[in-house]
Amino acid sequence: MSAGDRIGVLLVNLGTPDAPDAASVRRYLAQFLSDRRVVEIPQILWQPILRGAILTTRPRKSAEAYAQVWTEAGSPLAAITRAQAEKLQAALGGTVLVSHAMRYGRPAIGASIDALFAAGCRRILIAPLYPQYCAATTATVADAVNAHLATLRWQPALRFLPPYPDDDAYIGALKTSVEAGLAALDFTPDVLLASFHGMPERTRTLGDPYHDQCRDTARRLSEALGRPVEVAFQSRFGRAKWLEPATDATLARLGAAVSSVAIFAPGFAADCLETLEELAIRGKEQFAGAGGRQFAYLPCLNDSAPGMTMLETLVRHELAGWL
């Protein structure tokens with residue numbers, strides 16, 4: 001195979017600040033919350049709010065939360081996504097070059113595409129690591145990729161990994177991961193709770209399939225596990241009505257009704273602030289504060305063996321005809 005015949009795979013996740021400090025978080029939030037798909041308010045109205053109240057108060061508070069989960073390898077999301085790319089590279093071999101990028105922050109999508117192309121990749125699979133499709137996540141990756149392609153004289157051929165909310169490989173990996181997590185506990189939880197990232201209810205009424213795909217994932221997983229899986233939606237922001245039930249309200253309700261719960265986040269490909277701080281730390285406090293006794297957070301698929309087997313299966317399927 002010649003240098004110009006290599007195939008590239010670009011794993012893309014949401015993003016993270018470069019450091020757990022207010023300045024880094026401010027830069028990250030300014031980029032993230034300026035995306036018109038993320039906040040669907042006319043920019044002439046939104047930008048003064050963003051540049052005013054939000055970016056002057058939220059970065060410090062968010063930086064304190066990031067500091068609680070930061071590791072020696074940096075942001076958990078960045079470290080895990082990098083590890084996923086490295087392990088997928090080892091699994092696919094030398095004919096495929098695997099890299100990773102962040103939709104917001106670094107490494108940037110455009111720079112990563114350029115690096116793959118410079119390495120001889122004329123065919124590139126873009127793999128957004130979002131199992132459930134949402135315009136505010138999956139579509140923004142396509143937006144960024146296409147915006148970068150518009151600047152190129154010589155463009156690579158591209159494919160996009162489609163969402164996989166009910167794919168057998170994904171459900172099987174979740175089943176294996178959840179069962180392993182439950183087996184490691186010293187209690188049997190009364191409730192198994194799947195927490196997905198929330199979205200404004202308006203996005204659902206406008207036709208976004210995200211809510212239904214989250215429910216499909218939970219239903220398929222419940223069938224595979226042979227036990228009920230409750231669903232909730234986390235990370236509400238602003239005053240608009242969001243998808244319900246809310247995770248924090250659900251944990252408070254459960255804390256008053258049952259003694260134990262295990263929570264996990266099947267919509268996240270890698271553990272991050274929203275799982276390690278919002279669920280594992282604050283979620284535990286919410287459950288215990290309402291009277292709950294035993295709480296467990298089960299990790300995401302991350303770069304675990306089941307997670308990597310799933311990712312390799314999905315990627316190889318999309319590379320059919322290229323490899």
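The values are calculated or read from the model by the stated rules, or taken from the named source; none is laboratory data. What you see is a predicted model; the values in this text were computed from it and never measured. Here the Cβ is made from the backbone with ideal geometry for all residues, glycine too, and neighbour counts use every protein chain on show. The area values use the complete protein model at the heavy-atom level, side chains included, leaving out ligands, DNA and RNA. Shrake-Rupley method; radii C 1.70, N 1.55, O 1.52, S 1.80 Å.
A simple spin-label model places pseudo-atoms 7 Å from Cα toward Cβ; at A119 and A23 they are separated by 3.1 nm.
Solvent-accessible area per residue in region 44-189 equals 46 Å², computed with a 1.4 angstrom probe and all protein chains kept.
Each residue of region 187-323 gets 138 Å³ once the volume of the Cα convex hull is shared out per residue.
With the other protein chains left in place, how much accessible area per residue, in square angstrom, belongs to region 233-323 at a 1.4 angstrom probe?
On the way: 3910 Å² over 91 residues.
The answer is 43 Å² per residue.
Length gained on full extension, A157 to E201: 12.3 nm, using 0.36 nm per residue less the C-alpha separation. Here the accessible area is traced with a 1.4 Å probe on the protein chains. For the chain, carbon and sulfur cover 54 percent of it. Straight-line cross-link reach from K61 at under 30 Å between alpha-carbon atoms covers these lysines, not counting any fewer than eight positions away in the same chain: K241, K284.
Region 5-48 and region 174-219 have Cα centres spaced 24 Å apart. Ranking G267, V141, S222 by how far each Cα lies toward the positive end of the dipole of the chain (charges on Cβ) leaves V141 at the top. Summarising the strand pairing of the chain, around 5 percent of its internal DSSP beta bridges are antiparallel. Taking label points 7 Å from Cα along the Cα-to-Cβ direction, R253 and S222 give a separation of 1.3 nm. A straight line joining the Cα centroids of region 285-319 and region 106-161 runs 25 Å. Summary value for region 223-293: 37 percent relative contact order, contacts being C-alpha pairs under 8 angstrom separated by 6+ residues.
If you count, for each residue, the other Cβ atoms within 10 Å and average over each peptide, how do 69-75, 164-170 line up from highest to lowest?
On the way: 69-75: 15.3, 164-170: 18.4.
Averaged packing, sorted descending, gives the order 164-170, 69-75.
So if I take the alpha carbon set of region 102-199, get Rg, then get Rh from the Kirkwood formula, what is the Rg over Rh ratio? In region 102-199, Rg relative to Rh is 1.12. Summarising the amide proton neighbourhood of Q294: residues at separation of 5 or more, or on other chains, whose placed amide H is nearer than 5 Å comprise S260, V261. For region 99-243, the antiparallel share of DSSP beta bridges with both residues in that region comes to about 10%.
A simple packing score, the average count of other Cβ atoms within 10 Å per residue, orders the peptides 89-99, 256-266 as 256-266, 89-99, with the highest score first.
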